[in-house]
Amino acid sequence: MEASTPLPATPEAEVPLGTDELLLDGLQRAAFGYFARAVNPANGLVADTSREGSPVSIAVVGFALATYPSAVERGWMTRADAVARTLAALRFLHGSDQSGSPEATGYKGFYYHFLHQGTGTRVWRSELSMIDTALFIAGALTAGMYFRANTPDEVELRERVDALYLRIDWRWAQEGAMTIRQGWKPECGFLHYGWEGYSEAIVLYVLALASPTHPIAGDCYHAWTATYQWENLYGHDVLFAAPLFVHQFSHAWIDLRGLRDRFMREKRSDYFENSRRATYVQREYAQRNPRGWAGYDEDCWGLTACDGPSEALPNVPYEPRRLFGYTARGVPYGPDDGTLSCAAVLASLPFAPEIVLPALRNMVGRYPEMVPGLQLASGFNPSLAGPDGRAWVSPGHFGLDQGIVVMMIENYRTQLIWRLMRACPWVTTGLRRAGFRGGWL
Amino acid sequence: MQEDPQPLDWHHPAPTDRYDLVVVGAGPAGLSAATAATALGARVALVERNLPGGTCLNTGCVPSKAIIRTSRLYAEMRDAEGYGAQVPPAIRVDFAAVMERMRRVRARTTRPVSVHHLTAAGVDVFLGGARFTGADALTVNGTRLRFEKAMIATGSRPEIPSIPGLVEADYLTNENVFGLTELPRRLLVVGGGPLGCELAQAFCRLGAETTIVQRLPLFLPKEERDAAQILSAAFARDGIDVRLNTRVVKVRTENGHKRVDLISDDYQSTIAVDRILAGVGRLPNVDGMDLEAAGVAYDPVTGIRVDDFLQTSNARIYAAGDACLEHKFTHTAQAAARIVVQNALFRGRQRLSALVVPWCTFTDPEIAHVGLYVRQAHEQGLSVKTFTIPMHDVPRAITDGEEVGFVKIHVKERTDQILGATIVARHAGEMINEITLAMVAGIGLRTLSRVIHAYPTQAEAIRKAADACSRARSRPTIGSLLRHFRPW
């Protein structure tokens, strides 16, 4: 299989707009197709995007590993293929260079954000990324919970998952501070950024708390949640975070329904309910549409981290410096250059299907150009319509978008990933150490 | 252009045998204390070694606001189409006229604090440096002043970052930037604190190619994350080259050109500039007064040590303003001075910690804050709920094209007790005063819902937040009533 094969240039497949089940099945299967095409079977590493020469994102590898069980269950790939691909990634990463040198694959059990798909070595002088490593290991743990057979391959698979998890030195990643650093580089050490305010880091903290080898202290989680802001915005009481992905990325793995940490007990809410409200806030923002962008309405919304047009785009009548390329867009203060992500809308399906499904139908019906090959583009911008009236569409596809779509549709349909991770002892231990109680826990 | 700030022909008055209050420093704190104490009948001497008015009037708030106003006008001219107007042809910035207006404004505002005005008010003014000679006396140019009580309010000065080559590059600070006669073509601002942010935006809008370098990942590190991010976006829209998470490592002057080496994590770069504005931090003025002779303890970085009553380690001597306070604001200095007058002359027991202190960074949009931040409230074990109104939900902000920003009011969870607020808006500095009043008077947020706000005004955002608070409180009550009466 060719690594990182670009998508076909004829992207006009028909979106199956029949029943919800048909629509979701079509989109989920197409999204999984990304991983089938973008993997390097020799080492299991998956390209960040479908664009020519794209490197690997370690987080996308995690998403890929989490989608294989769904694909097996739905008959889109054989169990043997899924095990082979998973094992390829685990074996490669287990044996990879962990010296932390500028050309290594990782350090202290963490991985550089972007890797060369052939050699697995660091590219783009990228940082050793704590959150992207956590997303990878969450995917690996999902696979470890699914492939439970006593075959030599599946036994090895589980052993390698445990080995990769146990070698991560989460405590080192605190650099002596109360919260986990965001990144580290061999050239300059830890980056100055910490985790401030609500973010996608619940899964990071849960896994770091549960580690039997290098755990962080329970106080660290509380130090992070002390930076939260509980706001009444557009009439909704919500733990605020501007981009939609923040409300989805930990939730894709962990079933947070009814689970409450100290903060949520105090607020009489939970993180699942919070994501539902955050989804409504996104819709409220689009209805207001303060910047007057084309397309925004109650059934067309979704600001998140995604690809959008950049200033380099020729013949664009935008003012300079108001197109943001790939960035974390958010509500209600922006950045907002008129770019939306339908994948982000779909990823809120488990939280608020009553508004997500109408929006999904409306968006794919109104802007079919942003569903090339039935795979949702990272971003589209109706305010930058071409002469034919079609919205600007981000070229190619991004693995993070396809991964979250596969996982959240699966959780909505069967709760498979949630069920697998509910049985994962590291997840339950981490949740308890973070102070979560109630619900299935 | 300043009105007789320090007349050349000035002769010291004959000192009284013993003053009730000797004030060292004629900045906002010193002037406030001297005039208030004199008005109350005290015998007061005021000592100033430079210009009455202090940093605020001469080299700080006032001149900067004058320049900011003109720069905002230019920004609006360029953005005229956004208001349904036409962009004037060939907008040309007359920098000399900008600075001339600034000097006129400064002269007007310093007039009430001139030496002659102070003398007419009954204050004995002594010009020169003060040196303490004992626990109850000091000298000014050889003149000995004895006192029952004294207040030190000597202000602060720019803290110059230790950067190789900076001194040789003839850097600017707030003390000389308002003396510029020419707009720098390329300006580097080192530091993303309030003054750095304000001047970076103003000079950019006046036409300087401006780069701002901030060592931390966000501007205004004490402010809320959303506020700092909105400011970053506003700077980018203005065309400022924003370099966050970046530090200046070296300045090189080659053939008259200044080249500045920057480093951001592992990424190194060099930019060419014409002038560098540095010294955006402040250090207290505590040197040269022989404080040891008076038994006044101090630290060169944090300033004169005072207790909550603003009393120093010498019970006769108090301090106020930048020389001793963490919050180096004009209004805080004046409020502290009022406390000193009460505590020093009338045996008052007023506390600094009881003050509710607002502040504002006068960028566009402005960023104003009062009370606790959410993080501080959490550290105190308080549970917080924030009522947020984006300015794009406020009709007057929409009509005025000033929709960027928000009002966030923090209340103690399940009450309407206001703990603090942050406002990001074109006129945030004006709007924050209503919240400050409510906090000082102990007025709950729900009560503000009953205050009729003139329509349409941007301050309606505060009422909308109060309305949301009222709805949140009444919802359970209405719900329980409905449950009681419904038939099913």
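What does the structure give for B:384-392 when I average, per residue, the other chain Cβ atoms found within 10 Å of the residue Cβ? Counting other chains' Cβ atoms within 10 Å and averaging over B:384-392 gives 6. Spin-label model, A:Ala328 to B:Arg259: label points 7 Å out along the Cα-to-beta-carbon direction sit 3.6 nm apart. Only one residue of B:Asn314, B:Val356, B:Thr211 has its Cα farthest out toward the positive end of the dipole of chain B, where Lys and Arg carry +1 and Asp and Glu -1 on Cβ, and that residue is B:Val356.
If a spin label sat at a point 7 angstrom from the Cα of B:Thr270 along the line to its beta carbon, the backbone N atoms of region B:161-178 nearer than 20 Å would be those of B:163-171.
The loop-placed trypsin sites (Lys or Arg not before Pro) in region B:152-219, going by DSSP, that have at most 12 neighbouring Cβ atoms within 10 Å of their Cβ come out as B:Arg185. The modelled label-to-label distance for the pair A:Asp153/A:Ala294, using points 7 Å beyond Cα in the direction of Cβ, is 5.0 nm.
A simple charge model with +1 on the Cβ of Lys and Arg, -1 on the Cβ of Asp and Glu and nothing else charged puts the dipole of region A:125-248 at about 160 debye relative to its Cα centre.
Computed about its Cα centre, the charge dipole of region B:89-144 is approximately 280 debye, with only Lys, Arg, Asp and Glu carrying charge at their Cβ. Put simply, the amide H of B:Leu262, placed in the peptide plane, has neighbours under 5 Å in B:Val249, B:Ser269, B:Thr270, B:Ile271, leaving out anything fewer than 5 places away on its chain.
Modelled spin-label separation between B:Ala107 and B:Asp308, with each label point placed 7 Å from Cα along the Cα-to-Cβ direction: 4.8 nm. Among the residues of A:230-242, the average count of other protein chain beta-carbon atoms within 10 Å of the residue beta-carbon is 5. About its Cα centre, the dipole of region B:365-484 is roughly 680 debye, where the only charges are +1 on Lys and Arg Cβ and -1 on Asp and Glu Cβ. Would you list which lysines come within 19 Å of B:Lys408, measuring only between C-alpha atoms, while excluding same-chain residues fewer than 8 positions from it? Those lysines meeting the cut-off are A:Lys267, B:Lys222, B:Lys385, B:Lys464.
Taking square-rooted eigenvalues a ≥ b ≥ c of the alpha carbon gyration tensor, is chain B rounded, prolate or oblate, where a/c under 1.5 means rounded and, failing that, a/b exceeding b/c means prolate? Spell out each step's value before the answer.
Numbers: a/c = 1.83, a/b = 1.18, b/c = 1.55.
Cα axes put chain B in the oblate bin.
According to the square roots a ≥ b ≥ c of the eigenvalues of the Cα gyration tensor, what is the shape class of the protein assembly as shown, taking rounded for a/c under 1.5, prolate for a/b larger than b/c otherwise, and oblate for the remainder? In terms of gyration-tensor shape, prolate.
Separation of region B:105-138 and region B:172-227, taken as the distance between their Cα centroids, equals 32 angstrom.
Efficiency by 1/(1 + (r/R0)^6): what FRET value for B:Val249 and A:Leu22, r their Cβ-Cβ distance, R0 = 51 Å, to the nearest 0.05? Please list the in-between numbers first.
On the way: r = 60 Å, r/R0 = 1.18.
Here the calculated transfer efficiency is 0.25.
In region B:158-301, taking the dipole from charged Cβ atoms about the Cα centre, the farthest positive-side position among B:Leu172, B:Ala228, B:Val242 is held by B:Val242. The A:Glu266 and A:Thr121 beta-carbon pair, evaluated with R₀ = 35 Å, returns a calculated FRET efficiency of approximately 0.15. Treating r as the C-beta distance of B:Asp287 and B:Asp241 and R0 as 30 Å, the FRET efficiency rounds to 0.25. For chain A, set up a Gaussian network in which alpha carbons nearer than 10 Å are linked by springs, and say which option among A:Thr428, A:Thr213, A:Thr142 fluctuates the most. Comparing A:Thr428, A:Thr213, A:Thr142 in the GNM, the peak value goes to A:Thr213.
In nm, what is the difference between 0.36 nm times the number of residues separating B:His11 and B:Thr415 and their Cα-Cα distance?
Working: separation 404, 0.36 × 404 = 145.44 nm, distance 5.99 nm.
Between B:His11 and B:Thr415, full extension yields an extra 139.4 nm.
Straight Cα distances below 19 angstrom link B:Lys258 to the lysines B:Lys250, with same-chain residues fewer than 8 positions distant left out. Indicate the gyration tensor shape class of region B:365-484 (rounded, prolate or oblate), computed on the Cα atoms with a ≥ b ≥ c the square roots of the eigenvalues: a/c under 1.5 is rounded; otherwise a/b larger than b/c is prolate and the rest oblate. Note, shape of region B:365-484 comes out oblate.
For region B:324-371, the share of alpha carbon pairs falling in successive 5 Å distance bins from zero is 5, 19, 26, 19, 14, 8, 5, 3, 1 percent.
Bear in mind that the values in this text are calculations on the coordinates, not laboratory data. It should be emphasised that the depicted structure is a prediction, and the values quoted were computed from it without experimental measurement. Using ideal geometry, Cβ is built from the backbone for each residue, glycine included, and neighbour counts are taken over all protein chains shown.
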